[in-house]
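Remarks on the structure that follows.
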Amino acid sequence: MKRGIKLLSLLIFLAASSQAMGGDLESRVQAMEETLKRQQKTIEEQQKIIEELKDQIKTQIAAEKPKTAVATTEPETQKPRGTTGLFGGSALSNPNISLVFNAYAYSSNLTNDELKNRAIRGYTMDGIDRKNGFNLDSAELAIYAPVDPYFNLYATIPVTEDGTTVEEAYFVTTSLPTGNQIKAGKFKSGFGRLNSQHSHVWDFVDNPLPYRAFIGFGDEGIDEKGVQYTYLPPLPIYTILGVEVLQGENKTLFGADATGGPHAYTGFIKASLDVSDHATILFGPSVITGKTKTSTVQANSDFTGDTTLYGFEFTYKWKPSKVQGFKIQSEYLYRSQYGDLTDTVLGTVQRLERYQDGFYIQSVYLWNRWEFGARYDMLSIFKDDYTLGGAKQDIGRRPWRATAMIDYAFSEFSLLRLQYNHDESDIYGKVNHEVFLQALFSIGAHPAHQF
Amino acid sequence: MFIVISTPAYAKLNVCTTLPWIGSLAAELGKDKVNIKVLVKPSQDPHFIEAKPSMILAARDADILMYNGLDLEIGYLPLLFESSRNPRIQPGQLGNFDCSRFVNVIEKQPTADRSMGDVHPLGNPHYHYSPSNILRVAHGMTQELSNIDPGNSSFYRTNLAAFEERLRNKQIQWAKKSLKGKNFIAYHKYFEYMANELGFKLIDYVEPKPGIPPSAGHIEKLIETVKKTKGDGILVTPSYGKEEAEALSKKTGIRVIIIPQDVGSVPGTNDWFSFMDNVLSSLQ
């Protein structure tokens, strides 16, 4: 209480002496009030400690008395503790750390060389970077904690056989005015649905064809250095508005050395509403645009130009209980790309224009610890214009793929998944029959899952 | 970065709570001075809640977010704090109210690991069945409401006094229910606070470990135990383990007692008092 009196006299002093300070005074008083409130809180907590100590003494005295009846579990009186912190427990000396193990056995009717050279003609020359037999995707380390009252810090460090990379390392603001948030560092772009998720929360082992064709083969997706700003307006419906400025180094979209500085820009809107107590939909458009310099358009050629990718996502999720659920998810992607294609052998330059699209739709049904899933991917849905030097390129029939999946979760932290892909994405090549058996395990800090 | 919380006299305080019982308690203390939004439906089991965008939106406008704590909400609450983009409810702020801070927590297991199932290392989180702890939380909540909304401080205190008196009378009434010496089997570690306070015993659990569904072998063993000890009932909540408990009941002849997991989970439990009335008469 002494503190309170001191503060009060300080307040009176301030009020008397600083009339000249005018408007500043008000904010000072408010600051004082705030401090006062905090101290009240501290006093409250101290009182509670005293009360608890009293209780402890009482229970000790009670324990010394001879027990008459068969006691139930004695209530252990706990030592007082502070708030649980953002992620539970004390995260002062150590940040929260988790490790996700992601490995799979793979079998295809194609040889490893055939897989490596398996392009989606007209879309990408990138092959399938998997080997028959055992594959270790990664042991992914995630570290996160609040930095101070203003920022949270995250790092995702997948350890693979090739070494350690920094998939993500970014901070997020927590104290900007209501509705505003800034994220900066290296992070997964908010573009699209699968892109912003880590691959170990996907419902299938691999990403769908439109992702492979437009964003790239691997799990990383649009994972860039840059800054993101998001705003959650006070609307009756959840709506996130986001923009990003990114370095623009995605290999498929832009290439590592497209320009000397940040040149990729994204914008996205995600809206969501609950259609019933247990069902929710999430939907919205995304766009990313930037300069491109790659060699994955055709063999022996370099491409320089501009690329814009548009996306639209839709998710419906019904989850009445822990043991039952149903989900439908779909994304449509449209790529617009134009520029110069240089033949690296002949040195000739041709004008290239590509307007192409693709989509996937996937569904998962949850029953007890089992999940049953199906997915269908297709490219060249509405648009398939590919011109080179003014001449329309024929890329033949539509590349497509169909997938069936079944998985079993022993607990929230372990999962085995069996998946079959019937892949007709290489229109002149063979059909690729792929089977995956995936193991996903996680240890350490409890993750909080995004919707 | 300095945020000043000021509530104009005419504006109601926006209170957002995770679980229904917290909303019920806030309504007892705040009455018409607060707007209450409850994130979890009474029909949902509090262990298996997933974050929904609508929850993020509700948390955005909260002046205070009240939660159970002890890691019960760990699957979605950290996400809500950050994604709400609401500086008032961040950990360490006045608008971040962890009810468990005021509770005498039992069954702390600091050395627990996940081979022991879904244990809560910080302690058993189901203290809302414990009248003495609810009273402690009510005191803490009143203080917090007064801190955020000093203008209505005396209003909150008056409501607390009324709540406390009602609770003390109820406690006398509840103490008359003869539960001492009763032996129950529970599906999940839900009822330990109540057992301690009201003097009944929990002799076994249908779950072999918290959060781990029983195997056929475990059920067989349990049937033996149950037949030997002749329990007074199998305690289960409407949305967690009911089927398994009913199967066990068929094989042993011991009745299943359905206990609501929260305020509003079964008809006629619209506030915390009627919820506890229902719980205690079910146990009779």
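The values are calculated or read from the model by the stated rules, or taken from the named source; none is laboratory data. Treat the numbers as computed from the prediction; the structure is a model and nothing was measured. We place every Cβ from the backbone using ideal geometry, glycine too, and count neighbours over all the protein chains shown.
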**OP:** Within segment A:399-419, count every residue that is more than 30 Å from B:Ile212 (Cβ to Cβ) and out of contact with any Leu (no Cβ under 6 Å at 6 or more places or on another chain).
**Re:** 3
Original post:
How about segment A:394-406: which of its residues are crowded, with 16+ Cβ neighbours inside 10 Å and touching a Ser or Thr at 6+ places or on another chain (Cβ under 9 Å)?
Top reply: A:Ile395, A:Pro399, A:Trp400, A:Arg401
Subject >> Candidates A:Gly192, A:Gly163, A:Gly218, A:Gly122, filtered to the one that is surrounded by fewer than 20 Cβ atoms within 10 Å (Cβ to Cβ), closer than 30 Å to A:Ile361 by Cα and out of contact with any helix residue (DSSP H, G or I) (no Cβ under 7 Å at 6 or more places or on another chain) >> reply: A:Gly218
**OP:** Exactly one condition in (1) more than 22 Å from the chain's Cα centre (by Cα); (2) surrounded by fewer than 17 Cβ atoms within 10 Å (Cβ to Cβ) is not met by A:Val147; state its number.
**Re:** (1)
Original post:
In segment A:342-381, how many are assigned to a strand (DSSP E or B) and surrounded by fewer than 19 Cβ atoms within 10 Å (Cβ to Cβ)?
Top reply: 16
**OP:** For segment A:317-332, name all the residues that are among the charged types (D, E, K, R) and either loosely packed, with under 15 Cβ neighbours inside 10 Å or at pLDDT 95 or above (or both).
**Re:** A:Lys317, A:Lys327, A:Glu331
Subject >> Search result, residues across segment B:102-116 that are without any contact (Cβ under 8 Å) to a residue 12 or more places away in the chain and either in contact with a Leu (Cβ under 8 Å, 6 or more places away or on another chain) or more than 7 Å from every other protein chain (Cβ to nearest Cβ) (or both) >> reply: B:Pro110, B:Thr111, B:Ala112, B:Asp113, B:Ser115
Original post:
Would you call A:Pro149 touching a helix residue (DSSP H, G or I) at 6+ places or on another chain (Cβ under 8 Å), over 25 Å from A:Ala264 (Cβ atoms) and not small (Gly, Ala, Ser)?
Top reply: no
Subject >> Residue that is nearest to A:Thr178 (Cα to Cα), among those in segment B:64-93 that are out of contact with any helix residue (DSSP H, G or I) (no Cβ under 7 Å at 6 or more places or on another chain) and of a type in the set (A, V, I, L, M) >> reply: B:Leu79
**OP:** Evaluate segment A:436-448: report whether one residue or more is within 14 Å of chain B (Cβ to nearest Cβ), among the aliphatic types (A, V, I, L, M) and either without any contact (Cβ under 8 Å) to a residue 40 or more places away in the chain or not in a strand (DSSP E or B) (or both).
**Re:** yes
**OP:** Go through (1) closer than 22 Å to B:Tyr127 by Cβ; (2) within 14 Å of chain A (Cβ to nearest Cβ); (3) surrounded by fewer than 21 Cβ atoms within 10 Å (Cβ to Cβ); (4) not charged (D, E, K, R) and name the single condition B:Ile258 misses.
**Re:** (2)
Original post:
Of the residues A:Ala402, A:Ala391, which single one is touching a His at 6+ places or on another chain (Cβ under 6 Å) and either within 14 Å of chain B (Cβ to nearest Cβ) or closer than 30 Å to A:Ala299 by Cα (or both)?
Top reply: A:Ala402
Subject >> Failed item in (1) within 14 Å of chain B (Cβ to nearest Cβ); (2) surrounded by 19 or more Cβ atoms within 10 Å (Cβ to Cβ), with A:Ala409 passing the rest >> reply: (2)
**OP:** Select from segment B:104-148 the residues that are out of contact with any helix residue (DSSP H, G or I) (no Cβ under 7 Å at 6 or more places or on another chain) and under 14 Å from B:Val15 (Cβ atoms) and list them in ascending order.
**Re:** B:Glu144, B:Ile148
Subject >> Residues of segment B:117-140 satisfying the condition of being under 23 Å from B:Leu80 (Cα atoms) and at the interface with chain A (Cβ under 9 Å from one of its Cβ atoms) >> reply: B:Asp118, B:Pro121, B:Leu122, B:Gly123, B:Gly140
**OP:** Determine the pairs where a residue that is on the phi < 0 side of the Ramachandran plot, located within segment A:193-204, has a partner that is among the charged types (D, E, K, R) and assigned to a loop (DSSP other than H, G, I, E, B) with Cβ atoms under 9 Å apart, the partner being 6 or more residues away or on another chain.
**Re:** A:His198/A:Glu167; A:His198/A:Asp219; A:Ser199/A:Asp206; A:Ser199/A:Asp219; A:Ser199/A:Glu220; A:His200/A:Asp219; A:Trp202/A:Asp219
**OP:** Tell me which of these A:Val227 doesn't satisfy, since it passes every other one: (1) away from chain B (no Cβ under 14 Å); (2) free of Cβ contacts under 8 Å to residues at least 40 places away in the same chain; (3) surrounded by fewer than 18 Cβ atoms within 10 Å (Cβ to Cβ); (4) under 19 Å from A:Asn152 (Cα atoms).
**Re:** (2)
**OP:** Give the residue, chosen from B:Ile22, B:Ile36, B:Ile56, that is in contact with a Phe, Trp or Tyr (Cβ under 8 Å, 6 or more places away or on another chain), β-branched (Val, Ile, Thr) and farther than 19 Å from B:Leu135 by Cα.
**Re:** B:Ile56
Original post:
Mind checking which residues of segment B:41-64 are touching a Gly at 6+ places or on another chain (Cβ under 6 Å) and among the aliphatic types (A, V, I, L, M)?
Top reply: B:Ile64
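Scan segment A:312-329 and give yes if some residue there is assigned to a strand (DSSP E or B) and under 30 Å from A:Asn117 (Cβ atoms), otherwise no.
No, that holds for no residue.
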**OP:** Taking only segment B:22-35 into account, find how many residues are over 18 Å from B:Gly69 (Cβ atoms), touching a strand residue (DSSP E or B) at 6+ places or on another chain (Cβ under 7 Å) and either buried (at least 18 other Cβ atoms within 10 Å of the Cβ) or acidic (Asp, Glu) (or both).
**Re:** 4
